[in-house]
Each structure stands twice: as C-alpha cells, then as structure tokens.
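Everything on this sheet refers to the single structure shown next.
The values are calculated or read from the model by the stated rules, or taken from the named source; none is laboratory data. What you see is a predicted model; the values in this text were computed from it and never measured. Here the Cβ is made from the backbone with ideal geometry for all residues, glycine too, and neighbour counts use every protein chain on show. When the accessible area is computed, the model is the full protein with side chains, heavy atoms only, and any ligands, DNA or RNA have been set aside. Shrake-Rupley method; radii C 1.70, N 1.55, O 1.52, S 1.80 Å.
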Amino acid sequence: MKKQKSLLLLFILFVSFLLIVTNFYTIKVLSAARAYINGESEYSKGQKDASLYLVTYVESENIGYWHAFNKSIAVPKGDNIARTALLTQKPDSIAKQGFIMGRNHTSDIPDMIWLFKTFHKVPFMKKAIDIWASAEPLINKLDSIGNKVHAQIQSGTLSTEQRVKFTTEINFLSSQLSEKESAFSNALGETARDIKGYLLLVNIFLILLLLSTIAVYAVKTINNLITIEKELVRKNKELNETNKELEQFTYAASHDLQEPLRMVSSYMDLLQKKYDGQLDEKAQSYIHFAVDGTKRMKTLINDLLNYSRTSITVIEYQEVNVADVINEIKKIFMEDLNEPTAGIFFNELPVIRANNIQISQLFQNLIGNAIKYRSEAPPQIHIAANKTSTHWIFSIKDNGLGIEPKYFEKIFVIFQRLHSNSTHKGTGIGLAICKRIVERHGGEIWLESEKGKGSTFFFSVARNL
Ligand code: ADP
C-alpha cells in the first residue's frame, strides 16, 4: 500500500514535470515563431523600401537614393546570411550577425536560432525556410540591378529606354518578393497555430492525467485514513474493555482480600488477649508489627475499593448543597482543627448538580490533605466557588507545606506520593480518586502551589449534569 502510494506520488511529480516542460517549450516555440513573423515584416519593409529607393534613383539619379537603397536591401540580405549560416552549420555568431542586420530584436535571436536548428527538418518549418530561400535569388537580382543602375548613372550612360526597362524589372521583382513574403508569413502563422493546437491538446491531456492521478492518490489516502480510524476505534474499544476488566478485577481482588485480612487481624487480637503475660517482649512486638501491618493493608484495600468504585458504579446526579457538604466534613475534622485560628472558611457556596457521595468524598480528600500536609501554622482552609458559562469552579486553599510545580501532574497518578509513611501516613490513592470523580462530573482538577507557601487545588464541575 505504502509502495503503491509512493509510486503514485512519483508519477504525479513526473507528470507535473512534463507539464512544466511542455509549457516552457510551448512558450519558447511560440515566441520564436512570433519573432520570425516580426523579422519577416522587417524583411518585407526593407525589400519594399529598397525597390522604391532604386526606382526613385533610376528616375532622379540622386545619389542619396542609392545610399538609401543599399541600407534597405541590407535587411533581407542579412536574413539570408543568417539562414545560410544556420543551414551550413556555421558558427552561431555569423547567424546572429545576419539576424542583427535583418533588424531582428537581439533578445529574440537566441530563440530564433534554437527554433531553426531544432525544427529546420520538420515539415512545417522546412516549408517556411524553403520559401525564404527561394526569395534569395530575387533579392540578389534586385541587388545586381541596383549595381548596374548605379554604374550606368555614374558613367552617364543610362538611356531612357533602359530607365524604363529597369523600372519595370524592379517593380516585377518587388511584386514577386511580396508574394514570397506573404507565403512565408502564412506558412509560419499556420505553423504557430498548429503548434499551439498540438500543445494545447498535450496540455489538456497532461492536466487530466495529473488530476486523475491526484484523485486516485486522494482516494487511496482517504481509504487509508478510514482504515486507520476503524483500527483506532477497534483498539480503543478493546482498551476500554480491558480497562473495565482490570477495574472489575481490582474491585473483586480488594473485596475478597478483606475477608482473610479480617481473619488475620482477629486471630492476632485473640493471640494477644489469650497469651497476654505469657509471651516475652519480642513475641509481643512481633504481634504489634503484624497488627500494624494488617491495619495499613486494610486502609490500602479500602482506598483501592473506593478508587474502583468511583469508575465502575453507575452514578446519578442530584441537587447538592455544597455548604451542607462542607459543614458535614467540618464535623469529621473537628479534632484536627481545634487550635485557636484553625478552621475551614467559606462565604457563599452554591447548590450544584452532582453525585452527593462522590462530591463529599472529593471535598473530604482535598480538605483531609490540606490538614494532613499542614505546616507549623494552624491549618486554615478557604473554600470558594466561581461560575463560568459551562462550569462551576471550586478552590480549596491551604496554608500547608506546598508542592513544587514539577510534581503538579505526578500527584494525581495512583500510588504517587511526595511524603513518606514515616512522617505522613497515606496510600497515594486520594488524589487519583479526586481526578476520577471530577472527570465523571465533566470537569478537570489542577493546582497552584509553591513549596513552603501552601497550595490551592481547583476543580471544575459541568453545569449541565
Ligand atoms: P496520600 O495523601 O495518601 O499520600 P494523595 O493522592 O492524596 O495520597 O496525595 C498524593 C501526594 O500529594 C501526597 O503524598 C502529598 O505528598 C501530596 N499532597 C497532596 N495534597 C497536598 C497538600 N494539600 N499539600 C501538600 N502536599 C500535598
């Protein structure tokens, strides 16, 4: 598939290149043909002027007309020099000199030489060149009549009869040349039209080819994208299913672990009670460690159960008075806040649509952390709410230990802790639960904090639940 697409791309590049080349040569050929037609009109003018000056010279014998004749006849003679040089493969500089004499524009000359050399054997160009060549003897004849006339005028031997004869001959030659000139320009005009027609067809063909290749390429790309999207959807579904299974497994495992754990802890209790006094100090401390271990495991299992519950249970939303929720939580933490200036403070808190149990747990976790990670100062926790067009945004600000910005993402990942169990007990699950609850309420959770200066946790809850 990939190889096919690369080939198609190469083909598109190739056709585009052909299109550019074709257009380049179209323009070159047409501009050279135009230059020849312009050159022909200079040729024709030169020939006609030369004939007229010669006739006038015959009649007036004014030497000025002789000079004017020579100047004008140099134009067709120059073109003849160029043509002969090109046909006999003489250096381009000679052809160029000839074309300059023929009053062709210097910037057109390279294209004229190129067209001649490339196409002089091709019928359309050959026909024009042949007509051009056939006019050369006539130009030479006009030139030689001129020389004869001039010699006779100079020697004073030009009779009236000869005068008439020369004039007739010159006019005859001029009219013959005019015919050839118009035949030449017709041939070239026809040529230019033909070339234009062919190149237009080639252009249309190449453009159609290019468009259809691009269309095939686009269809292939779109098909590719559709396949990729389908694959993604399938993978996503699989992932969701695996996640769900994993979630169920975590839930079931933590749930089933509770029973053996209860047994271990009650038998430890029994052991302690029954053999109290009979056990030595070492045995007593072993039992103490075992009981402590079971307690910690119980907390971990409970937290894990809570974590799985937040995502697997189907939740319902109802009206929740946030102030009531906080007042209930205040009671739970009453003992932790009995220092003089400590407390949970808020002004006005809204009634929102949410799941009562989950929202209570969310606030309890965040307030619990604000107390657990307190500094020396008595904990002061400020809660506030703001309304945007789509969400409620709550903030829980504490004056505790604070968190370095580099940990802002990490702390929401399950089991990630910044404090050790020896100073602050915990499982590293609390904020992961908060994140899940917030996500189930169409919101996000984030924080602002500076180490040593307290933290403010923010979370949003969608208003359309
Ligand atoms: P736990 O409290 O059980 O360790 P959490 O997921 O609630 O787990 O918190 C993760 C970590 O984030 C904590 O271990 C603690 O280092 C840090 N943390 C959470 N809340 C705060 C807070 N308000 N002030 C300072 N650190 C905090």
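Taking the criterion of being among the polar types (S, T, N, Q) and either touching a residue at least 12 places away in the same chain (Cβ under 8 Å) or not in a helix (DSSP H, G or I) (or both), the residues of region 45-78 that qualify are GLN47, SER51, ASN62, ASN70, SER72. Looking at region 238-250, can you tell me whether even one residue there is without any contact (Cβ under 8 Å) to a residue 60 or more places away in the chain and in contact with a helix residue (DSSP H, G or I) (Cβ under 8 Å, 6 or more places away or on another chain)? Yes: one or more hits.
Taking the conditions exactly as written (open to solvent by less than 80 Å² (accessible area, probe 1.4 Å), part of a helix (DSSP H, G or I) and not assigned by TED's automatic domain parsing to the domain that holds ILE12), does ILE301 satisfy them or not? Answer is yes for this residue.
Say we look at region 20-66 and pick out the residues that are under 18 Å from LEU138 (Cα atoms) and open to solvent by 30 Å² or more (accessible area, probe 1.4 Å); which of these is modelled with the lowest pLDDT? Ranking the candidates gives SER41 first. Taken over region 387-396, the criterion of being closer than 15 Å to GLU348 by Cα and either open to solvent by 70 Å² or more (accessible area, probe 1.4 Å) or more than 10 Å from the ligand (Cβ to nearest atom) (or both) is satisfied by LYS387, TRP392, ILE393, PHE394, SER395.
Taking the criterion of being open to solvent by less than 60 Å² (accessible area, probe 1.4 Å) and without any contact (Cβ under 8 Å) to a residue 12 or more places away in the chain, the residues of region 261-279 that qualify are SER266, LEU279. Residue by residue through region 96-115, note down the ones that are of a type in the set (Phe, Trp, Tyr) and surrounded by fewer than 19 Cβ atoms within 10 Å (Cβ to Cβ). Hit for region 96-115 is TRP114, nothing else. Of all positions in region 349-364, at least one carries a residue that is in the same structural domain as GLU448 (by TED's automatic domain parsing), open to solvent by 20 Å² or more (accessible area, probe 1.4 Å), away from the ligand (no atom under 16 Å from the Cβ) and assigned to a strand (DSSP E or B). Looking across region 87-103, the residues that are in contact (Cβ under 8 Å) with a residue 24 or more places away in the chain and part of a helix (DSSP H, G or I) come down to LEU87, PHE99, MET101.
Every residue, every condition in (1) more than 12 Å from the ligand (Cβ to nearest atom); (2) aliphatic (A, V, I, L, M); (3) touching a Phe, Trp or Tyr at 6+ places or on another chain (Cβ under 8 Å); (4) within 27 Å of VAL320 (Cβ to Cβ), yes or no:
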position: ILE381; (1), (2), (3), (4): no, yes, yes, yes
position: ASP398; (1), (2), (3), (4): no, no, yes, yes
position: ILE403; (1), (2), (3), (4): no, yes, no, no
position: HIS419; (1), (2), (3), (4): no, no, yes, no
position: THR423; (1), (2), (3), (4): no, no, no, no
position: GLY426; (1), (2), (3), (4): no, no, no, yes
position: LEU431; (1), (2), (3), (4): no, yes, yes, yes
position: GLU450; (1), (2), (3), (4): no, no, no, no
position: LYS453; (1), (2), (3), (4): no, no, no, no
